[in-house]
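The values are calculated or read from the model by the stated rules, or taken from the named source; none is laboratory data. On a predicted model such as this, the values are computed, not experimentally measured, just so you know. Every residue, glycine among them, receives a Cβ derived from its backbone with ideal geometry; neighbour counts consider all protein chains shown.
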Amino acid sequence: MENKMEIGAGRQVLLIADAAGYGKVGISAMQPVLSHLGCNLYNLPTALISNTFNYGKYAVLDTTSYMRQSIGIWDELGFRFDAIATGFMSSLEQAELVRSFCERQRARGALVLTDPVMADEGELYQGLPEETINYMRRLLPVSDFIVPNFTEACCLAGIPWTPDPVSPAAMGSLVEKLRALGARSVVVTSAEVSGVGHAVSCWDDRAKRSFTIPYDYIPVFFPGTGDIFSSVFLGRTLEGWGMEKAVRSAMDAVRELVRVNRGNEDKFKGVQVESCLSVIDETAPCGEKP
């Protein structure tokens, strides 16, 4: 169905993602950004994680039973949301729970953004089984936007990842494969495109057009930057910004947050976003129109 959410009305946003006790990833990274952008936030954690995976050791508490009970109660109480952002899923059962819930919420006008958090640099994240790819695919048909990085896009589309630059035609084919799996609007981040450089490649389903935006690559790694990108993009979309403008705002915000934080000693914590939220405003000057 065509999403009928009234722009700016309420902006009740549900985050369905992992919650890390130590480190700014998942819900911990998304909440401050979306709150700063004026959203009213709710959350449904898919897993409680002791710390970011980058440290090599971590504890994980699966929350599937809690999710099932919560969704059942929310349905009984008639809770509804203007937007839902999904991230890390730990099992097929979780993905099916979320898919069904998103279907029901979309029927009531919710906007759904899916970030298929599972891989980077050609590999699944530590400890994730290959079947993760299949259950992440289950979420594409209920998504208004998907925001995979290049590795995740390749996994979903079933094509080999390459560390080399890809041609614009190959990138276009990748996006088309994701659309064939049910995705509507597509935002592929962290790709290197021949003749363009590091870029974000997109399909805007509403405008029925594709576009690619290059960015200045900063060779510093922080976990959680994808969560920040998704949050800024979703927040701008809920403000009524067009897709290309929202993508540019998200790209600029991530770039500046990485630049400001690149001297941090422990980068595995992720970007310490609460201390530099003003960067988001600086990349989208006050008074900027959608």
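Can you name the residue in region 28-44 that is crowded, with 21+ Cβ neighbours inside 10 Å and either free of Cβ contacts under 8 Å to residues at least 60 places away in the same chain or of a type in the set (Ser, Thr, Tyr) (or both) and, of all such residues, is farthest from VAL232 (Cα to Cα)?
LEU44
Condition check ((1) touching a residue at least 60 places away in the same chain (Cβ under 8 Å); (2) closer than 26 Å to LYS24 by Cα; (3) not polar (S, T, N, Q)) across all residues:
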position	(1), (2), (3)
PRO219	no, yes, yes
ASP227	yes, yes, yes
SER230	yes, yes, no
ALA250	no, yes, yes
ARG259	no, yes, yes
PHE268	yes, yes, yes
VAL271	yes, yes, yes
THR283	no, yes, no
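Does PHE88 qualify as being modelled with pLDDT of 95 or more, more than 16 Å from the chain's Cα centre (by Cα) and crowded, with 24+ Cβ neighbours inside 10 Å? Walk me through it before giving the result.
Numbers: modelled with pLDDT of 95 or more: yes; more than 16 Å from the chain's Cα centre (by Cα): no; crowded, with 24+ Cβ neighbours inside 10 Å: yes.
Judged against the criteria, PHE88 is not a match.
Sort out for me the helices (runs of 4 or more DSSP H) sitting completely within region 109-181 that have 3 or more residues that are within 13 Å of the chain's Cα centre (by Cα).
Values: elements: 131-137, 150-157, 168-180.
It comes to 150-157.
Would you mind finding the one in THR52, THR63 that is hydroxyl-bearing (Ser, Thr, Tyr) and more than 24 Å from VAL273 (Cα to Cα)? Lay out the reasoning, then the answer.
Working: THR52 fails: more than 24 Å from VAL273 (Cα to Cα).
Every option except THR63 fails the conditions.
Among the numbered conditions (1) aromatic (Phe, Trp, Tyr); (2) in contact with a helix residue (DSSP H, G or I) (Cβ under 6 Å, 6 or more places away or on another chain); (3) assigned to a loop (DSSP other than H, G, I, E, B), tell me where TYR217 comes up short.
Condition not satisfied by TYR217: (2).
Here are GLY109, GLY158: which of them is farther than 28 Å from ALA47 by Cβ, surrounded by fewer than 22 Cβ atoms within 10 Å (Cβ to Cβ), at pLDDT 95 or above and out of contact with any helix residue (DSSP H, G or I) (no Cβ under 6 Å at 6 or more places or on another chain)? Write out each step before concluding.
Details: GLY158 fails: farther than 28 Å from ALA47 by Cβ.
After applying the criteria, what remains is GLY109.
Go over the candidates VAL279, VAL247, VAL260, VAL271 one by one and state the one that is assigned to a loop (DSSP other than H, G, I, E, B) and either closer than 16 Å to VAL33 by Cβ or modelled with pLDDT of 95 or more (or both).
Working: VAL279 fails: assigned to a loop (DSSP other than H, G, I, E, B); VAL247 fails: assigned to a loop (DSSP other than H, G, I, E, B); VAL260 fails: assigned to a loop (DSSP other than H, G, I, E, B).
Result: VAL271 is the single residue among VAL279, VAL247, VAL260, VAL271 that is assigned to a loop (DSSP other than H, G, I, E, B) and either closer than 16 Å to VAL33 by Cβ or modelled with pLDDT of 95 or more (or both).
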